[in-house]
Each structure stands twice: as structure tokens, then as C-alpha cells.
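The values are calculated or read from the model by the stated rules, or taken from the named source; none is laboratory data. Quantities reported herein were computed from a predicted structural model and do not represent experimental measurements. As a convention, Cβ positions derive from the backbone with ideal geometry for all residues, glycine included, and neighbour counts pool all protein chains shown.
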Amino acid sequence: MRRILLSRRARGLLIAAVTALVVVLGSGVALLKVADARSFQFFGEIVDHVDTTEKVVALTFDDGPDPAGTRPVLDTLAARGVPATFFLIGRELAAHPELGRQIAAAGHELGNHTFSHQRMVLVTPGFVADEIEATDALIRQTGYAGEILFRPPNGKKLFALPHYLAGHQRKTIMWDVEPNSYPEVDASATATANYTVEHVRPGSIVVLHAMYAGRQQTRDALGPIIDGLRQRGYRFVTVSQLLSSAGSH
């Protein structure tokens with residue numbers, strides 16, 4: 001086998017190139033972690049829960065509105081007198097405006113979850129503005145008059161999205177309890193309810209995915225979640241009410 005002999009200069013260049021590659025790859029990994037982080041972003045304010053000793057919790061629903069889940073979720077919340085925050089997709093709201101009006105008429109809070117539900121990481125400032133502003137307009141058409149909070153799809157954000165929100169004095173709303181993210185929990189209504197009740201703490205924001213046809217287990221878990229948390233002394237509020245009740249973290 002022939003040995004390839006490198007000069008000292010060539011070895012130095014090779015080492016420098018490998019080092020630069022490692023730095024670039026490491027930076028990429030670090031940025032991916034920032035994009036997924038629940039409590040850090042480069043611009044503006046991000047909230048995954050509030051610091052409080054009061055037993056208050058906010059139930060939030062992502063995606064939709066969709067005919068499969070909107071009415072059942074609203075019925076369960078109404079039967080138990082619970083307010084919630086719905087982060088809606090503009091595309092779905094445009095397709096089902098009557099469902100958006102039903103959510104608003106029931107007294108719940110409507111939030112913005114972008115128009116297309118595209119991950120907001122490698123996107124341009126113009127794309128971010130279009131996604132948010134189009135959905136804001138559709139939310140206003142439901143009759144909802146309150147503050148429109150924002151949650152990024154899949155919780156992902158990096159530069160353009162937080163910069164836009166900070167420039168418009170809007171927070172990034174995340175969560176600290178997410179039962180649907182664990183397959184072994186998500187597969188069962190009982191497991192979903194038990195996980196949620198066990199992991200809620202004062203000031204928690206719970207995210208649930210209950211809108212679509214395949215989310216029956218989550219819809220079945222909603223009543224037991226509410227009942228279980230009430231048994232532990234919790235009171236339910238919207239995210240805006242939660243933010244106003246204590247200093248955000």
C-alpha cells in the first residue's frame with residue numbers, strides 16, 4: 001500500500017479544514033437546539049409557563065379548526081365550564097370559518113398558528129409576515145376581539161419569526177406539558193389524562209392536539225384531564241389570563 005506523505009503546510013490546511021467543518025456542523029446542531037427550545041430564542045419574549053404559586057393552568061389546542069374535533073372539544077369544555085386557548089391554522093380557518101366563529105362565540109381565546117403550518121425556521125421575513133398577518137385577519141373575521149397570541153408550528157423558531165414578533169410586541173407562546181409527543185402516552189386516553197395531571201404544576205401551559213379525526217384518544221382524555229386537575233385544586237384560565245396573573249418566565 002502506498003503511503004501518502006503530506007507536507008507540514010498541507011497537514012496544517014487539512015487540520016484547519018476539518019476543524020472548520022466540525023465548527024460548522026456543531027453550529028448547525030446548536031441552532032437546531034435553539035429552534036426547538038421552549039424557553040429561549042434570539043429575539044423577543046418566549047413563554048412556556050408562568051411563575052406562580054397559584055394553582056392555575058391554561059389548556060391550549062393546536063391546529064384546526066376541523067369538523068372532526070371542534071364541536072366535541074367545545075362541548076366538553078362547555079359542560080365543565082372551562083375556558084381554553086385555540087391556536088388555529090389560517091388555512092383551516094379559511095376552509096371552516098363557521099367553526100372559528102363557534103370557538104369565538106363560546107368565549108374561548110383564539111391564537112395564531114400560522115397560515116400554512118410550515119416550520120418557521122429557514123424562512124424569510126416576508127414569508128413570516130404573510131403567514132401571521134393573513135391568519136390574524138381570518139381570526140378577526142370570526143368576531144374574536146381579544147389579543148391574538150402566537151404559537152409556532154411544532155414549536156420551531158429561529159431568526160425571522162422571533163424578530164418579527166419582537167418588532168410587533170408579541171410573545172412566542174410555548175408549553176411545558178405535551179402528552180401527545182410521547183407515543184406510549186398518546187396511544188391511550190387514560191395514559192394521556194394521567195400524564196397531563198401528573199405533570200401540570202402551578203402556571204403550566206398544556207398543549208393538546210384534539211382537532212383531527214385521528215385524535216379521538218385526546219378528545220376522550222379531555223374530560224378526565226379537567227376532572228383530575230380540578231380534584232387537585234386547579235383553576236382553568238386562558239393563556240392571556242395566565243400571563244396577566246403572574247410574571248412570565
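General observations
- Residue count for segment 97-146, restricted to those that are under 22 Å from Ala68 (Cβ atoms), over 18 Å from the mean Cα position of the chain (by Cα) and of a type in the set (Asp, Glu): 1
- Residue in segment 189-202 that is at pLDDT 95 or above, crowded, with 21+ Cβ neighbours inside 10 Å, within 23 Å of Val57 (Cβ to Cβ) and within 17 Å of the chain's Cα centre (by Cα) present: yes
- If you go through segment 169-206 and keep only what is of a type outside the set (Gly, Ala, Ser) and in a loop (DSSP other than H, G, I, E, B), you end up with Gln169, Arg170, Lys171, Met174, Trp175, Asp176, Glu178, Tyr182, Val200, Arg201, Pro202.
- Looking only at segment 134-147, residues that are aliphatic (A, V, I, L, M), crowded, with 19+ Cβ neighbours inside 10 Å and assigned to a loop (DSSP other than H, G, I, E, B) come to 0 in all.
- Taken across segment 76-85, residues that are in contact (Cβ under 8 Å) with a residue 12 or more places away in the chain and either crowded, with 24+ Cβ neighbours inside 10 Å or in contact with a Pro (Cβ under 7 Å, 6 or more places away or on another chain) (or both) do occur, with at least one present.
- Among the residues here, Val206 qualifies as within 17 Å of the chain's Cα centre (by Cα) and modelled with pLDDT of 95 or more.
- Residues in segment 111-133 that are aliphatic (A, V, I, L, M), surrounded by 18 or more Cβ atoms within 10 Å (Cβ to Cβ) and not in a loop (DSSP other than H, G, I, E, B): Met120, Val128, Ile132.
- The set of residues in segment 203-221 that are in contact with an Asp or Glu (Cβ under 7 Å, 6 or more places away or on another chain) and crowded, with 20+ Cβ neighbours inside 10 Å comprises Gly203, Ser204, Ile205, Val207, Met211.
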